[in-house]
Each structure stands twice: as structure tokens, then as C-alpha cells.
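Reviewing the structure listed below.
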Number of protein chains: 4
Amino acid sequence: MPVSSAEPRRGGPRKRDLVLQTVVDELTVTPYAQLTVERIAEASGVHKTTLYRWWSGKPQLVADALAALMDTGPVPDTGSTRSDLVQWLTGTVRNYAETPLGVAMPALISDLARTPEGLGAFRGAFLAERRANCAAVIERGVARGDLPDHLDVDLFMDTLAGAVFYRQVVTGGLVDADLAERVVDLLLPPAGGARE
Amino acid sequence: MPVSSAEPRRGGPRKRDLVLQTVVDELTVTPYAQLTVERIAEASGVHKTTLYRWWSGKPQLVADALAALMDTGPVPDTGSTRSDLVQWLTGTVRNYAETPLGVAMPALISDLARTPEGLGAFRGAFLAERRANCAAVIERGVARGDLPDHLDVDLFMDTLAGAVFYRQVVTGGLVDADLAERVVDLLLPPAGGARE
Amino acid sequence: MPVSSAEPRRGGPRKRDLVLQTVVDELTVTPYAQLTVERIAEASGVHKTTLYRWWSGKPQLVADALAALMDTGPVPDTGSTRSDLVQWLTGTVRNYAETPLGVAMPALISDLARTPEGLGAFRGAFLAERRANCAAVIERGVARGDLPDHLDVDLFMDTLAGAVFYRQVVTGGLVDADLAERVVDLLLPPAGGARE
Amino acid sequence: MPVSSAEPRRGGPRKRDLVLQTVVDELTVTPYAQLTVERIAEASGVHKTTLYRWWSGKPQLVADALAALMDTGPVPDTGSTRSDLVQWLTGTVRNYAETPLGVAMPALISDLARTPEGLGAFRGAFLAERRANCAAVIERGVARGDLPDHLDVDLFMDTLAGAVFYRQVVTGGLVDADLAERVVDLLLPPAGGARE
DNA sequence: CCGTAAACGAGACGGTACGTCCAGTCTTATT
DNA sequence: AATAAGACTGGACGTACCGTCTCGTTTACGG
């Protein structure tokens, strides 16, 4: 886990936190595409050579910086599958809306995807933990009988997250606080819903 | 529809079709990120200057070329809301799976998004017509009573398309023929589904 | 002799005078280097293709236009060698100072000099007649005994004209009305001059 | 004097001498107009980007390269004003005849003259020192009584140099070893000359 | 408290592609 | 026959940023 701020002494980048903070700061001002390694170097006062010593390029720098901002927190069992899912998805919404990740995401993915390891790293850093937490929620739901037995868990998660992601990236629709609830409503109709 | 090969004399790019075809060909061989305008020029035998006369850069070239491949076809009324939705989403799946769009999409979006008009153009070229068709399907469904009255149509479409898109772009999950059906099942449970 | 304005009808450029006038006008506004064939076309309303039909390029266009402005007039015999020379050189000074030739000259020469014919054409258009006139003056001076017998006529002319040209082009010194007289004074000291 | 090869470490272009030498070499083979920055890059093995880092373009490159070849040497007092002047002008002749400067000059000037600083730089690099030396010679001559009291020194120098320059650039006359002497003879008639 | 090795600063460089400017040529109307 | 219209090839420009290299210089730990 590269996100540590403790004791970088002896062996390892001494300027790590400084650099990553600069990246985040710059991203709030400059879109990802305009951001350059040279600019990060200048803004942070850390020499370009040093950046390349520890990161292989801009996408890695940004990924590293943004990953540290992500809320991946485990979702407590509230007793209600709906609430759990809403809470989880609210984390996703916040990650997009309250950090530079939302706007930077498509470019970041496309950059990372140039190399096979890149995408893997991205998934590891941004997705793995969150998805594991969501899977846990879903399984609780299945166990309770709130969700069907042979639910395709992966697809279910893709649909939840995809709705938010697609808005953010493709259609440009509003991504706000109650989006999470409305998406969950589509997949898990509220009791006494309109469909029966 | 800008893709016509009749009478290119007098006004307008004479090499248009040749160029766009080359772009598609190159994209099947080279990932979007590696593709350069100079390479398109060389591969098509059309001089770089000429390309810049008619397109403002790589993203526009690619968008123009890919838009021509998209299936945006209207969805016939099969009598069943489920089938209509499945059929529509199958179009989306095919667009991703059978053209270079799937892999090129995130980078393309991120490039186009550098300018505000860019994103608008993208949505106009790739989304507007398809979404209008989908909205028609959904409204038929509401009229029939298959879908709830105050359904948020946009969000519903985002969720359908988002599931496929997210797979394609983020998780890298399989995007195949029956994905459409499985996604629709999540949103419109089959009669006698597991939830009752 | 390309400098004709009479009856270009039937076989020959119909827009000749219009074009050349435009070139002169543009040169008073735009330095030679910034002037382009396309600009001349636009400014004159004559299509680029037409320009290339009659002139082989910018330098030829400009040379043709400027040659028409040159004062090459023969120098009347005033009875005094000094006066004749001064009058002749005054023509040179005026050619530089009162037409765009002065500032355009070095660039024009350098462009024309790309091809061997180019320089020849330049000399034919701008130099030959004037130099012939000067040679006549000098020979009158030799006959009168005002100039030494075995004077190198060519070198003498080069020195006269060179002084003005060098000022104009290289040192950027003042080129004004009495320059001619001062140069002649150097080569043909006034009677009762300082040297005796 | 920027032409040093000692200690290029720390600050300043490391490939400077290599590049300038290449420019001179190329100029002996290719006329100035045909010379391109890209060609210099290729011929020298120094990348184009590097050239632009240190020079603002072709004219600056060439000026820098040629300036290093110029003979600007001070003229010793031979006791004779005539000899001093001849010796000085011989330097000019050699500069034109024995380096690529002669043929490149008009194009170089015209390129440099596009910007006001350009011409200033040219004069600083090629003229200032030589002219100062010449002025010294002339003043010695005036002091000795060989030259008139209120001689216009600048114009005198323009006439001397102009004769050679005009030959070289405009009329294309021969520029050879004894040209200097013949020009000086015109301005400073030999004792027992034809005019008395 | 001091030597040494890791980390950093400094600066030049090769390299890819960009997007642009003009030159000059071609084909096909039009007058 | 001359001109207009307009698309095209082509060469070079000057720029941006990338990622790498060679050095010298600081820093802080571990003996």
C-alpha cells in the first residue's frame, strides 16, 4: 500500500507527500489533460528527475495522488439491504463529486490503459477494495432474502456503479447527493412500488 | 448524414471517405492512443495538411469515422417492453463489441472533453439519436403500464447503458451477446422473478 | 521588356497592371518577407492560379512591379562631369528612398539569386539601363579630362552605387537628397579641395 | 567571444561548436536559401529541438557560425594611410571571398532584418569591430594630413566597403585580392595621379 | 560526530508529434 | 483564351512535452 505518510526515511521518496499533494492541488485548478509532469515539478519544487525516479509518468502520479483521496470505507450493516447499498453508492458519488477524480477519470483510465499493467493497477487502487465491500453488502442481502439467489454479483455492481459513472463521464448529467438512492430504487424497488 | 460518396465534386473534402475508412482500419490495428494524425496521413496517402483542413485533429477524425459505424437504428415495437429494451441495449453492446469504439471510447471522450464543444459534438454524434429511440421505447412501456409512471427516463437510460459501458471501460468484464438481456433483467425483473 | 501597360488584349495577362499595382501597394504596407502570393491574390481579387500562370513566383512578381517604378532616365549633358554624376546618383538615391525598393532589395536579391537566371533578370531589369547611362557620363568625363584615362569604369560605378546601397542595406545610415553629392565629392574632389 | 571549447560543463550549449562547424560546412555545399534547420540537425546529429533551445532560427545559427570566421583584426600602423586602408579593405575582401559569407550575405541580412533586433545583432557581430578599426585608421590619416579635415568618416567607410559589397552582391563582379587596392585608389589617388 | 549511501538538484539532450504556413500544381467550371 | 474556384501534395517551420542522461550536492543514518 503506497499511501503512507509515516517515516519515509531511509529508502524511499522523501518528497512523496509533498508531490502528491501538489498533484491534487493542481488538478483542482487544471484539467488532467493540461497537467504536465514539468508543471508538477515546478509547482512542487521537486525536480523532474526526481519525479521520474519514483513514478513512471503522469498517470501514475495522478493515480497515486487520487487513490489517497478515495473513500473505500467498509459499509456497516444497517439491517436494511437498501440502506446499505445506498450508503455504499453514496461513497461512489462522493468520490466523483468531491474530488478531482470525477473529471479526471476518463482521461486517467485511457492513459493507464495504454499498458496492461496500468489498468490492473487502476483497478487495484480504485476498485478492488470498494467492490469487495459492496459484494459483502450484496451477500448479506441475498442471505436476508432481499436479493435473488443466483444474482450475478459482478453485474449487479457494474450496474450500480455504471449508472453513476456513465452520468459523470458520458451524458454529463447531474451527480448529486440523492443520486445514489434513486439508482438503488431502480434496482431494488421500494416496498409497495409501482410495478405490482 | 455526412457519409456519402456521391458527387464529391465542387465543395467539400474529396478524400473524406478514403480518410475515414483508413482511420477505422488503423484503429483495428493500433490503439487510439498510439494513433497519430501523421500515421493516418501516411496510411491513407492523404497529406497531413489536408487532414487538418477538414478536421481539427485526431479526436475529430476518429469521432467522425466511428460515428459512421454506429447502429442507431430505431427499435420496432415488438409488443413487449422487455424485448424492446433488450433489443435496444443489444445495439449498444454491438456498437462496443463489433467496432473499435469499445476500446477507443474512454480515450476519445477524454480527448474530446478538452473542449466544451467537443463533448457536445460527441453526444450529438453518438448518443442523441440512440437515446431518443430508447426514450420512445420507455414511454411505450410506461403507457402499457410495464414501467412506473414517474420513472426518471434519463436515469433509467443511464443505468442501462452505464452497466454495459462500465464493464467495457472500467472493470473489463465480458461484453457479449446476452449481456443486454441480463442487464434488462436486473431493472425489469422477469415475470415470476425471484423477488416476489 | 515585361514592363508594358499597353493593350494586353488577346494573348497575355489581362489583369497585369492591376496585379502589379496591388503588389506595389502591398509592399508599402507589408515588408517583402511577409508578403505572400496568396495575399497578393486576395488583395487584388485575382486568383492565385492566374498569378502563377504569368509569373513564376513572388520574387518575379515583385521585381516586375518594382522595375516599373525605377527612374532609369538618361542623364543630360550639363557640361559638368560632377553635376552629371550627382544627377545620376540622385536617381539611385530616389529609387531607394521613394519606392519600396530600398527596403525590399536585399530580400528580393536573395530570392532571385536562388536561380542563376534570377540574378540575370534582376540585373537586366534594374541595372543595365542605368549603368549604361552612367557609363556614358563617365566617358564624357574622361573625354573632357575630368576623369583619368584608364579609369576602371565598372569599378567606379560600383563604388558610386555601392556607397548608397551599402548605407541602405547594411549600415542603415541616412539616405537622403544630398547623399549623392557627398559621395561624388569623395570620388571627385571639388576644385580647391583639401587634398592639394 | 563565445567561441570557446574549454569547459563546456555546467551551463550553456554543449554542442555549440559542433553545430556551428556543421553550419559552416553545409554552407560551403548548400546555398543559404536551401539550408534548413532540419538539415543542420541531421547533418550535425544534434536534434532540432536542441538547436531551437539555443538559437531562435536559421538566421541566428548562420550569423553565429559566420561571425566566428570573420577577420576583424585591428590594422597596424604601417606609416602610410594608403597601405593601412588597403590592408583593412583586404580583410573585408577576404571575409567575402574566403568564407561562405559573401554568397550568404544578402539572404542573411534580409532574414535578420525581419526583426529590428536582428539587424542590430548583425551589425554588432559583423560590423562594429571592423568599423571601429577602420575609423582609427582614418583618424590617423586625418591627423597626418593625408585625409581632409572634415571628412565624413562614416560615409567614407560606407564607400570603401560598399564598393566591395555591391560587387559581391549586386553586380556579381570579380572580388579578388587586388580589389582593395583599386578601390582605395579611387578614393585616395596615388601620388602623381592623373588628376593634377 | 562522521563517513557513506541514498535521495535530490541542475541542466542538457534526443525524440515524437503537433498544428501551421505557404508554395506550387491540378481539375473543372465560367466568362 | 483567360480566369475563377477550390482541393490537393509537399516541405519546413517552431513548439510542447516526454523521458533519459550525467554530474554535483545535500541529507541523515548508523557505526
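Inspect region A:121-144 for any residue being more than 21 Å from residue A:179 (Cα to Cα), assigned to a helix (DSSP H, G or I) and at the interface with chain B (Cβ under 9 Å from one of its Cβ atoms) and give the result as yes or no.
yes
Considering only residues that are over 14 Å from the mean Cα position of the chain (by Cα), at pLDDT below 95 and crowded, with 18+ Cβ neighbours inside 10 Å, which ones fall in region D:112-139?
D:112, D:113, D:118
For residue C:154, which of the numbered conditions (1) more than 8 Å from chain D (Cβ to nearest Cβ); (2) open to solvent by 50 Å² or more (accessible area, probe 1.4 Å) fails to hold?
(1)
Can you confirm whether residue A:30 is more than 14 Å from chain B (Cβ to nearest Cβ), under 26 Å from residue A:166 (Cβ atoms), open to solvent by less than 60 Å² (accessible area, probe 1.4 Å) and away from DNA strand E (no atom under 16 Å from the Cβ)?
No, not satisfied.
Which one of these is open to solvent by less than 20 Å² (accessible area, probe 1.4 Å) and out of contact with any strand residue (DSSP E or B) (no Cβ under 9 Å at 6 or more places or on another chain): A:77, A:84?
Sole residue among the options that is open to solvent by less than 20 Å² (accessible area, probe 1.4 Å) and out of contact with any strand residue (DSSP E or B) (no Cβ under 9 Å at 6 or more places or on another chain): A:84.
State whether one or more residues within region B:97-104 are at the interface with chain A (Cβ under 10 Å from one of its Cβ atoms), part of a helix (DSSP H, G or I) and open to solvent by less than 10 Å² (accessible area, probe 1.4 Å).
Within region B:97-104 (the criterion being at the interface with chain A (Cβ under 10 Å from one of its Cβ atoms), part of a helix (DSSP H, G or I) and open to solvent by less than 10 Å² (accessible area, probe 1.4 Å)), the answer is yes, since at least one residue qualifies.
Can you spot a residue in region D:173-187 that is at the interface with chain C (Cβ under 9 Å from one of its Cβ atoms), modelled with pLDDT under 95, under 25 Å from residue C:105 (Cα atoms) and open to solvent by 10 Å² or more (accessible area, probe 1.4 Å)?
yes
If you scan region B:23-63, which residues turn out to be hydrophobic (A, V, I, L, M, F, W, C), under 14 Å from residue B:13 (Cβ atoms) and within 14 Å of DNA strand F (Cβ to nearest atom)?
Matches in region B:23-63: B:40, B:41, B:46, B:51, B:54, B:55, B:61.
Checking the conditions here, which among D:44, D:4 is more than 30 Å from residue D:187 (Cα to Cα) and either away from DNA strand E (no atom under 11 Å from the Cβ) or modelled with pLDDT under 95 (or both)?
Going through D:44, D:4 in turn, the sole match is D:4.
The values are calculated or read from the model by the stated rules, or taken from the named source; none is laboratory data. Every value quoted in this text rests on a predicted model; they were computed, and no experiment measured them. Heads up, the Cβs are rebuilt from the backbone with ideal geometry, glycines too, and the neighbour counts pull from every protein chain shown. SASA here: full protein model, heavy atoms, side chains in, ligands and nucleic acids out. Shrake-Rupley method; radii C 1.70, N 1.55, O 1.52, S 1.80 Å.
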